[in-house]
Amino acid sequence: MMDKLFRKSVHWGLLLLLFCLSGQVTFALTKEKGTVRGQLVNESGIALAYASVAVTGTDHGTTTNLNGGFSLKLEPGNYTLTFSYTGCDSQNKSVEITGNKMHIDLGRLVLKASDQLISEIVVNRKMNVAHIEESDYVARLPIKNLENPQVYVTVSDKLLKQQVSTNLDGALKNVPGAGVPVRFNQNRIVFLSRGFTTEPKFRNGLATFLQTSIDPVNVVRIEVIKGPSATLFGSSVVSYGGLLNRVTKCPLPGRSLEIDYAGGSWNLNRLSVDVNHPLKKDESLLFRMNGAVHRENSFQDAGFNNTVALAPSVSYKLSDKAAILADLEYGRNNGTSPVRFAPYSKISGKRTIADMGIPYKRSFASNEVAYNSTSLNLFLRVDADLNNHWRSQSALSRTYSGFDGYTTQLTGRSDTTLRATITTGGYNYYSTDVQQNFIGEFNWLGLGHKMVFGLDYYNYSSRRNTANVYSATVDFRGSLDDYYQTFNRSYIDSEAAGATRRMENNQRNTYTSYVSDVISLARQLSVMMSLRLDHFRDKGTYDLSAGSTTGKYHQTVLSPKMGLVYQVVQDKLAVFGNYMNGFTNQNGTDKAGNTFKPENAIQYEAGVKADIWHKRLSGYASYYDILVRDILRDDPADADYSIQDGEQKSRGVEIQLTANATKGLTVLAGFAYNDSKYMKADETINGLRPASAGPETTVNWWLNYDLPSGVLDGFNIGFGGNYGSSSWQTNTTETQVVIPSYLTMDVSAGWQNKHFRVAVKVDNLTNEKYWSYRLAPQNPTRFTGAVSYIF
């Protein structure tokens, strides 16, 4: 029955696409039209793909193809065409179509780099530190930020270099509401968005289920898309608070080389390289390689993280209308398990982690009790122009991440004692995402349409073979002699040999079709209407030792999305509203063996977006309201299990601003207030804020000043910080473990000329003590210096 429903959805979706195409053709044939052609390039002669071509005063327009070419069908008359591209000055061109001149070829048009756009604000006239928030991934369509009814934030690689960031933690400092990132097993990162934990599981718009650390060496931009986004991205790897999409570097025309070295506190040594080189003289075949070697110790008495990352990529221009991109990510990580501590839960009353007496610089770890992980991520994409109005995008993502070794969790046994649970063995995760999109831009029935119709297949599987070993229980304020007698590799291996092992296999498939249409109802008013159909087939959890399977399910779900945008001032100020939903099919069972129902989330949001004062000020302010039903949470009686009860209400306000306040001064600022609470839940938590929701209030800012030209030409200084209000690790009517508020401040300075860049950064200038949600102590004052050679 479910398969039949899915096949019908694909059938009707294809009919809808054909209907739109036929409607477009019918509309086009109503009158004889002329043709205007041309090509857009930048000052270096590089084609500008997906640039905007608008017919002033009308709803007509198009975008350029992969070769920068465009073609417009227009009725006889006089027109002004406006060409625009992010980072370039717009250009106008007048054309006249008459009976004697029905075909006009404008040839090659050069768009010059803009000196006004925020995306061109520079630290030292060489380095961009902020970008206009434009992305084709957010809506899977080439629409501008002000046309999009959804909120998102971008962080550029230039900003990361200016801030001397060597990991994703540094990027998230610039995202409103992200809080203190949490490191899970294998050093994979998790952050907050609108009161929900969120993981970086998308790359270039496709799902990539990586359960290992991710090196940012090949990142060109981080996109944090806010709100439940099931309709366009699916619910398999999306949080109710949003998602993080990594946009990675691809080959470019011309030759370039950049070598970077960073060193600093706790024996940080990092070497990275970025090589770009054409493989054919006509630059139809391009190659790029990014790689990094990273070595770093913990500030605590034990702990380290060593990584190797390689990311080669190749692009091939098949023709003027088709191109293929292939890239690979390989990562190898060796390190100790990130610190996590679960305090004793049977003590009533309120406690603060800062007053519990756990030494801040004690890791309760040993460098010989470490792990190894490997990740491999293949990405393929083929882009092809079908005609002047439609293009095809075919993509494949294949990921593997594996782990073997030891991970550790510290658990309180009383108010003053703890022990370690050491998990030893291996995990393997595999995922495949195959996606086909047809993207069109056309006029039909007198209205402008930008449409995407897509099909998606996602497969996930995992294997686990682990055992748990326990250390001795010790007073964490005193001697640890007994603890380390049982916290070493030989003891753990001997105990694990006789321990009960957890051996499981999981596999699930998701079959999807979706359609999204942005309709221009008027020049300044547009509506987005989207619908997704998912069919899930989960084969359940197979227990190798018992030879049995539990948790099987099949489910078919519709996910609608709607949005409205009204541009109060064209291309400058817009108000928007949206409705989105998300859900999570929860596999597994609670401690009693009961299977879980799917969680379901609904978001309503309204706000304003701005890009004003000659683009010197841009940003957004929004209010959102999210309701999640049938929530899953940690079982307070047993951390190895979960329970399902009640609802979670999450609502709040977010503000993000980028300003070019005065000449040379750039200000990035963010504010997030989130009010989350359990509803209709167990009496021990009902009406309380979930501990996993993090701080209610967070603030982030970064100021960068490009010093005046002359003797100081090329110098810049930066100053920023992050604030988070107090939060909880445990929050019930009986027990509260409080995480204090924090305020950290960072400062940087740098210099750059054509071939060299030097930068220094001091993080946590005031040596603030603060903790993540998992009660991992964060870095004290840290110094990092970096030098780069650019050729």
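Are any residues in region 293-305 crowded, with 17+ Cβ neighbours inside 10 Å and in contact with a Gly (Cβ under 8 Å, 6 or more places away or on another chain), and if so, which ones? Asn297, Gly303, Asn305 - these are the residues of region 293-305 that are crowded, with 17+ Cβ neighbours inside 10 Å and in contact with a Gly (Cβ under 8 Å, 6 or more places away or on another chain). Of all residues in region 25-42, those satisfying the criterion of being modelled with pLDDT of 70 or more and surrounded by fewer than 17 Cβ atoms within 10 Å (Cβ to Cβ) are Lys33, Thr35, Arg37.
Residues Ala365, Ala384, Ala311, Ala354: which one is surrounded by 17 or more Cβ atoms within 10 Å (Cβ to Cβ) and not in a strand (DSSP E or B)? The unique qualifying residue is Ala365.
Candidates are the residues of region 701-710 that are at pLDDT below 95 and open to solvent by less than 30 Å² (accessible area, probe 1.4 Å); the one that is nearest to Ser727 (Cα to Cα) is Asn704. Checking every residue in region 650-659 against the condition of being in contact with a Pro (Cβ under 9 Å, 6 or more places away or on another chain), in a strand (DSSP E or B) and at pLDDT below 90 gives zero matches.
Any chance region 410-421 includes a residue that's acidic (Asp, Glu), assigned to a strand (DSSP E or B) and touching a residue at least 24 places away in the same chain (Cβ under 8 Å)? No, because not a single residue in region 410-421 is acidic (Asp, Glu), assigned to a strand (DSSP E or B) and touching a residue at least 24 places away in the same chain (Cβ under 8 Å). Residues of region 604-620 that are of a type in the set (A, V, I, L, M, F, W, C) and more than 19 Å from Glu134 (Cβ to Cβ): Ala606 alone. For region 649-668, filtering for residues that are more than 30 Å from Glu599 (Cα to Cα) and either out of contact with any Ser or Thr (no Cβ under 8 Å at 6 or more places or on another chain) or touching a residue at least 40 places away in the same chain (Cβ under 8 Å) (or both) leaves 11. Of all residues in region 169-215, those that are in a helix (DSSP H, G or I) and within 21 Å of Phe341 (Cβ to Cβ) total 4. When Val653 is tested against (1) open to solvent by less than 40 Å² (accessible area, probe 1.4 Å); (2) of a type in the set (Val, Ile, Thr); (3) out of contact with any helix residue (DSSP H, G or I) (no Cβ under 9 Å at 6 or more places or on another chain), only condition (1) is not met.
Considering only region 239-248, I want to know if a residue exists there that is in contact with a strand residue (DSSP E or B) (Cβ under 9 Å, 6 or more places away or on another chain), among the charged types (D, E, K, R) and open to solvent by 20 Å² or more (accessible area, probe 1.4 Å). No, region 239-248 contains no residue that is in contact with a strand residue (DSSP E or B) (Cβ under 9 Å, 6 or more places away or on another chain), among the charged types (D, E, K, R) and open to solvent by 20 Å² or more (accessible area, probe 1.4 Å).
Is one or more of the residues making up region 773-791 modelled with pLDDT under 90 and surrounded by fewer than 20 Cβ atoms within 10 Å (Cβ to Cβ)? Within region 773-791, one or more residues are modelled with pLDDT under 90 and surrounded by fewer than 20 Cβ atoms within 10 Å (Cβ to Cβ). Annotation: of all residues in region 48-67 being part of a loop (DSSP other than H, G, I, E, B) and small (Gly, Ala, Ser), the one that is nearest to Arg381 (Cα to Cα) is Ala49.
Between Tyr553, Tyr566, the distinction of being of a type in the set (Phe, Trp, Tyr) and within 22 Å of Tyr620 (Cβ to Cβ) belongs to Tyr566 only. Among the residues of region 368-381, write down those that are assigned to a strand (DSSP E or B), open to solvent by less than 40 Å² (accessible area, probe 1.4 Å) and not β-branched (Val, Ile, Thr). Matches in region 368-381: Tyr371, Ser373, Ser375, Asn377, Phe379. When region 387-399 is filtered for residues that are surrounded by fewer than 19 Cβ atoms within 10 Å (Cβ to Cβ) and charged (D, E, K, R), only Arg398 remains. Considering each residue of region 466-521, count those that are in contact (Cβ under 8 Å) with a residue 40 or more places away in the chain, among the acidic types (Asp, Glu) and under 26 Å from Gly303 (Cα atoms), and give that number. Summing the residues that are in contact (Cβ under 8 Å) with a residue 40 or more places away in the chain, among the acidic types (Asp, Glu) and under 26 Å from Gly303 (Cα atoms) in region 466-521 gives 2.
Filter region 157-191 down to the residues that are on the phi > 0 side of the Ramachandran plot and not β-branched (Val, Ile, Thr) and list them by number. Gly177, Gly179, Gln186, Asn187, listed by residue number. Has region 753-762 got at least one residue that is under 18 Å from Gly720 (Cβ atoms), open to solvent by 40 Å² or more (accessible area, probe 1.4 Å) and out of contact with any Asp or Glu (no Cβ under 6 Å at 6 or more places or on another chain)? Within region 753-762, one or more residues are under 18 Å from Gly720 (Cβ atoms), open to solvent by 40 Å² or more (accessible area, probe 1.4 Å) and out of contact with any Asp or Glu (no Cβ under 6 Å at 6 or more places or on another chain).
Considering region 684-779, the qualifying strands (runs of 3 or more DSSP E), each wholly inside and each with 3 or more residues that are hydroxyl-bearing (Ser, Thr, Tyr), run over 697-706, 742-752. Among the numbered conditions (1) touching a residue at least 12 places away in the same chain (Cβ under 8 Å); (2) open to solvent by 30 Å² or more (accessible area, probe 1.4 Å); (3) in contact with a strand residue (DSSP E or B) (Cβ under 9 Å, 6 or more places away or on another chain), the only one that Gly687 does not meet is (1). Beta carbons closer than 6 Å, at least 6 apart along the sequence or on distinct chains, pair a first residue in region 292-312 that is free of Cβ contacts under 8 Å to residues at least 60 places away in the same chain with a second that is of a type in the set (Phe, Trp, Tyr) and open to solvent by 20 Å² or more (accessible area, probe 1.4 Å) for Asn297/Trp266; Asn297/Phe304; Leu310/Tyr330. Return yes when Asp630 is surrounded by fewer than 17 Cβ atoms within 10 Å (Cβ to Cβ) and under 30 Å from Gly551 (Cβ atoms) and no when it is not. Criteria not met by Asp630. Set side by side, the residues Thr500, Thr486 differ, and just one is open to solvent by 70 Å² or more (accessible area, probe 1.4 Å) and hydroxyl-bearing (Ser, Thr, Tyr), which is Thr500.
Selection within region 583-638: residues that are among the acidic types (Asp, Glu) and touching a strand residue (DSSP E or B) at 6+ places or on another chain (Cβ under 9 Å). The member of this set that is modelled with the lowest pLDDT is Asp634.
Among the residues making up region 263-292, a single one is among the hydroxyl-bearing types (Ser, Thr, Tyr) and open to solvent by 20 Å² or more (accessible area, probe 1.4 Å): Ser265.
The strands (runs of 3 or more DSSP E) found entirely in region 68-133 that carry 2 or more residues being closer than 22 Å to His389 by Cα and at pLDDT 85 or above are 77-84, 91-97, 103-110. Here Thr698 passes the criteria (1) surrounded by fewer than 17 Cβ atoms within 10 Å (Cβ to Cβ); (2) hydroxyl-bearing (Ser, Thr, Tyr); (3) within 29 Å of the chain's Cα centre (by Cα) except the one numbered (1).
The values are calculated or read from the model by the stated rules, or taken from the named source; none is laboratory data. Because the structure is predicted, anything quoted here is derived from the model rather than measured. Methodologically, a virtual Cβ is constructed for each residue, glycine included, from the backbone with ideal geometry; neighbour enumeration extends over all protein chains shown. SASA here: full protein model, heavy atoms, side chains in, ligands and nucleic acids out. Shrake-Rupley method; radii C 1.70, N 1.55, O 1.52, S 1.80 Å.
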